[in-house]
Amino acid sequence: MKLKSLLLIIFLSSFAVAQVKFEAKASKTQLGVNERLRIDFTMNEDGDNFTPPSFENFKVVGGPSQSINNSWINGVRSFSKSYTYFLSPTKRGTFSIGQSSIEIDGEVYKTSPIKITVTAAVDIPKDPNDPNYIASESIHLVAEVSTTNPYLNEPVSVVYKLYVAENTGVRNWSELDSPRYNDFWSQNIDVKGQQVKEGKYKGENYRYVVLKKTVLYPQKTGKLNIEPLSLDVSVEVPSKRRDVFGRLMMTTTNRIVTAGKRTINVKPLPSSGRPNDFSGAVGNFEFNMMSNKSTLKATEAFELKLEVSGKGNLKLFKLPKPNLPSALEVYEPEHSEKVSTTLSGMRGSISDTYTVVPNTQGQYPIPTVTFSYFDLNTETYKTLSSNELVVSVTGGPKSNSNENSPFEGVQKTSVTALSNQFSSFKSNGHLEPIAKNPFYNTSLFWWLFLGPLILIPMVILLTRKLSQRAMDIEGNKTRKSNKLARKYLSAAKKTIGKKDAFYVALEKALHNYLKSKLKIETSDFRKEKISILLSQKEVQKEPISQFLEVLESCELARYTPLEVADMERDYQKAAEVINALDKQLK
């Protein structure tokens, strides 16, 4: 009985060991754009050729670090091996950490994808004992808002300033997440020459630079949120170490800072005193109506221009329309904007220019046009009126005052035909016969006659050949892969200097080249299998090892800082190895 129990234990232990596990675990599945994420790829059996995912939409800020735990407890072996990465999201959204793969005892195992949700920046509790605490207390990103209680369509300026303490330095920064100004019309203002200025932050002396300026026009009332700007900043802070002269040495750390969410309360425009022709103009404006001609002939055209100038939401309302007499033919207006946007808002002019054509002579008065707007200075509505214009038209038929009887008042006269009325037209023509030039039996005749008889069989043969080629699925795959390989190789050459784009294109070129030559799928794209298949094709060992070296360079490039010379060398090596394989693969 004891022997059976011992055999059962041994069997169960060996069965448990045989169950290979390879999985990915994330420290969290939801995080802010200013937080970091830890990913562990863990296996219970030792493996080779670990391939991490691409980590698209994330930046690798730490790792890979490898750890192995191998122990025996009561005669039972426990083994685990893990690869750890620390990631920082590059933008908001819902993303997927793709599959990673490992080879264990000749079998390839893959992890399941992990869905990660990245939200806007969140508040992170500060620990005074944290090594990054000095950096968090020495650098601040602030969004300064001109007003938190504006009217609808009143300009609101937002200035983003980066404050840095006196004992702290900044090497560089990159924008992680740009604010999305929902419910606002927005425009960024160019910041020319970021100058370091002296200022105060919470009563203490700081240096600051203006990073970004934006003008907002709220498009709805109520409480509206201005989303935060987030930056990844490389900060230099004092360390505990000192140099030989006793001065504190600086250390560099990365810090993600956010301006914080701001809320403004937008007031509606008052309803009392609102004119009927009010179209949403808010600011301080002038209004004019003008014509480029006051006298012209019938069927000539003149231009009627309505213009609003001043300061306000010039791009966010429509101009009034003129009320012209029905005898004038009016075309659709040409809209023009001469508007500049500064931190205080829009300033300039907008206009509608109508092309008008009178068909009959007469005096045409153009009635006054009114324009209403809300004045922010007085917080009241104002209405402006244009001058009345008169256009004189001469040289054409008179306008009929009685449209029901258009021939009334016209004197009738009789028409008498004269014998020489059409004497100016010649009636004696000199006709000449057309020269004979028969088309029949010419070269053109026979080409047109026999050409279709020759072309029909050729079209039939070409159609059959194209149909056979379309049915050749494997051949089409090979040709497509070969074409893609050359396309991506060319793309890699054009992107030398841009590390990520270059190595992605180079890796795709190598993949598609092997697809065209070895007819393998992406799922089978493993170094060992590639080596075996190339050896079966009687390819020499040197080109095989060179090809695998280029592949390995593409994989390691994601985590290694590289120079342009390194990319040029890898491109040259890839081109040479592809030419070498072309000569040996039939």
For this session: Could you let me know the centre-to-centre spacing of region 27-44 and region 47-113, using Cα atoms, in angstrom?
Result: 11 Å
Exercise. For Asp40, Asp46, what's the largest-to-smallest order of accessible area, 1.4 Å probe?
Worked result: Asp46, Asp40
Exercise. Using a 1.4 angstrom probe and counting only protein chains, how large is the accessible area of Glu552 in Å², to 10?
Worked result: 90 Å²
Problem set entry | Per-residue ³J(HN,Hα) for region 213-228, Karplus 6.51 cos²θ - 1.76 cosθ + 1.60, θ = phi - 60°, Hz, x for Gly and Pro | 10, 9, 10, 10, 10, x, 10, 8, 9, x, 7, 10, 9, 9, 5, x
Problem set entry | Full-stretch length increase - Val357, Trp447 - with 0.36 nm per residue and alpha-carbon distance subtracted | 26.7 nm
For this session: Give the ranking of Thr221, Thr295 by solvent-accessible surface, highest area first, calculated with a 1.4 Å probe.
Result: Thr295, Thr221
Exercise. With r defined as the distance between the Cβ atoms of Lys293 and Gln187 and R0 fixed at 30 Å, what FRET efficiency is calculated, to the nearest 0.05?
Worked result: 0.20
For this session: Report the paramagnetic label zone for Arg274: residues of region 305-321 whose backbone N is under 18 Å from a point 7 Å from Cα along the Cα-to-Cβ axis.
Result: 313, 316-320
For this session: Mind grabbing the accessible area of Phe86 for me, 1.4 Å probe, Å², rounded to tens?
Result: 80 Å²
For this session: Using DSSP to define loop residues, name the trypsin sites (Lys or Arg not before Pro) in region 197-230 whose beta-carbon has at most 10 other beta-carbon atoms within 10 Å.
Result: Lys202
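The values are calculated or read from the model by the stated rules, or taken from the named source; none is laboratory data. For clarity, every value in this text was computed on a predicted model and none was experimentally measured. All Cβ positions, glycine included, derive from the backbone under ideal geometry; neighbour counts span all protein chains shown. Keep in mind that these areas ignore ligands, DNA and RNA; they rest on the heavy atoms of the full protein, side chains included. Shrake-Rupley method; radii C 1.70, N 1.55, O 1.52, S 1.80 Å.
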